[in-house]
1. Quick one: count up the residues across the range 269-325 that are of a type outside the set (A, V, I, L, M, F, W, C), in contact with a Pro (Cβ under 9 Å, 6 or more places away or on another chain), more than 30 Å from M253 (Cα to Cα) and in contact (Cβ under 8 Å) with a residue 40 or more places away in the chain.
2. Any residue in the range 53-78 that's over 14 Å from L89 (Cα atoms): show its pairings with residues that are assigned to a loop (DSSP other than H, G, I, E, B) and open to solvent by less than 10 Å² (accessible area, probe 1.4 Å) at Cβ separation under 7 Å, as long as the two are six or more apart or on different chains.
3. Within the group L331, L339, L290, L273, which residue is modelled with pLDDT of 95 or more and closer than 23 Å to T102 by Cα?
4. Write out, first by first residue and then by second, each pair whose Cβ atoms fall under 7 Å of each other, whose residues are 6+ apart or on separate chains, and whose first residue, in the range 212-238, is under 15 Å from T143 (Cα atoms) while the second is part of a loop (DSSP other than H, G, I, E, B) and acidic (D, E).
5. I'm trying to understand the selection: among the residues of the range 115-153, which are closer than 16 Å to A208 by Cα and among the hydrophobic types (A, V, I, L, M, F, W, C)?
6. Do we have T212 as over 22 Å from the mean Cα position of the chain (by Cα), of a type in the set (V, I, T) and surrounded by 15 or more Cβ atoms within 10 Å (Cβ to Cβ) here?
7. Take the conditions in a loop (DSSP other than H, G, I, E, B), modelled with pLDDT of 85 or more and open to solvent by less than 50 Å² (accessible area, probe 1.4 Å) and apply them to M1. Does it pass?
8. Taking only the range 43-60 into account, find how many residues are open to solvent by 10 Å² or more (accessible area, probe 1.4 Å) and either aromatic (F, W, Y) or over 18 Å from E252 (Cα atoms) (or both).
Amino acid sequence: MSDESRAAYGRPHAADALDAPRDERAVPPHAEGGRKEKRKQQPRRDKRDVHGWVVLDKPIGMTSTHAVAVIRRLFSAKRAGHAGTLDPLATGCLPIALGEATKTVPFIMDSRKTYRFTVRWGEERDTDDSEGRVVETSADRPTADQIRAILPRFRGVILQTPPRFSAIKIDGERAYDIARDGEEVELQPREVEIDRLDLIETPDPDHAVFETDCGKGTYVRALARDFGRLLGCRGHVSALRRTSVGPFGEDEMISLEELQALCDRAAAGEASLADALWPVETALDDIPALAVTRADAARLARGQAVLLRGRDAPILNGTVYVTVGGRLLALAELGNGELIPKRVFNLTGLVASPDRN
């Protein structure tokens, strides 16, 4: 799913206030000077090389961008980025790449995702979730049997029209910017793939809980909207949790509270932040691994291709990840016995604990 942050909806949120510009007119000149002086006195934390994945159990009310900033600060990492936006109202699996792991982000972005979500019947909203303005209402409520009867239409490869408030570009502008200005947004349906879609429970007439496994570009908010329209009762997402992204599931997640506690123990010399990292190559689980000699590794590290000939040459073609001595070295393309490096990794610095390799 590709749900955007609340900033995309044009609605500020407390979690975003840390990144928002302050209105200087509200601060007296002497107070402003005092704050600047205080900031100058604060010691700057040196950034360091940190390589691996943190699988954050994102709390409700936090943007993905803010989550990345928090993780980067806790690790004092030089580089960080996330692999798939999770909007503020959603919780759950937000894989955050640090250092050299950022080179593997596309592999996680393209992977399958699992969501558990609740649809509130009776109201369709302009954002297709509970933050939006009500645009249609209905007094009808579907039965569990009626809901199950429509689900086959949403499995497999389907055409889905993204929400009006989405990051898709129209003539160079984001759809959410156009919608926020009150203009009509016309988005074309796109193919998405849904492997599994199940009704889990109907706790009361107004709500239904679903689970889905889906591919890149699927909007859960659009599913809720389309369910409501097809059932004639209207609907929107009232709760959403992402439970897995590619190789990362709930067993790999860590909460901000747990991570902060680990940081405190690490500062006291009682633990290591490496215990919160998953190896860079975890993102490459679906790609064949190829071990090379140290001589070939030296050439690949310089960006030079190597020829793999002879009886023991691998019978492979396409993308592989290359290791030397059990350590990730590069992403490469293999064809006709020639190994061409595309991305070389330098894993000097803090990496995941050995027991996670």
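1. At the first step, the residues of the range 269-325 found to be of a type outside the set (A, V, I, L, M, F, W, C) are 269-270, 272, 275, 279, 281-282, 285-286, 288, 293-294, 296, 299, 302-304, 309-312, 314, 317-319, 321, 323, 325.
Within this subset, residues satisfying the condition of being in contact with a Pro (Cβ under 9 Å, 6 or more places away or on another chain) are 282, 285-286, 288, 299, 302-304, 314, 318-319, 321.
Then keep just the ones that are more than 30 Å from M253 (Cα to Cα); that gives 299, 302-304, 314, 318.
Narrowing the set further to residues that are in contact (Cβ under 8 Å) with a residue 40 or more places away in the chain leaves 303.
Selection size over the range 269-325: 1.
2. That search, which allows pairs on different chains as well, returns W53/L277; V54/L277.
3. Numbers: L339 fails: modelled with pLDDT of 95 or more; L290 fails: modelled with pLDDT of 95 or more; L273 fails: modelled with pLDDT of 95 or more.
On inspection, the qualifying residue turns out to be L331.
4. Partner pairs satisfying both residue conditions: G232/D140; C233/D140.
5. F117, V119, W121, A139, A144, I147, A149, I150, L151
6. No; evaluated as a whole, the condition is false for this residue.
7. Values: in a loop (DSSP other than H, G, I, E, B): yes; modelled with pLDDT of 85 or more: no; open to solvent by less than 50 Å² (accessible area, probe 1.4 Å): yes.
No; evaluated as a whole, the condition is false for this residue.
8. Within the range 43-60, residues that are open to solvent by 10 Å² or more (accessible area, probe 1.4 Å) and either aromatic (F, W, Y) or over 18 Å from E252 (Cα atoms) (or both) number 8.
The values are calculated or read from the model by the stated rules, or taken from the named source; none is laboratory data. None of the values given here were measured: they were computed from a predicted structure. Here the Cβ is made from the backbone with ideal geometry for all residues, glycine too, and neighbour counts use every protein chain on show. Ligands, DNA and RNA are stripped out before the accessible areas are found, and what is left, the full protein with its side chains, is counted by its heavy atoms. Shrake-Rupley method; radii C 1.70, N 1.55, O 1.52, S 1.80 Å.
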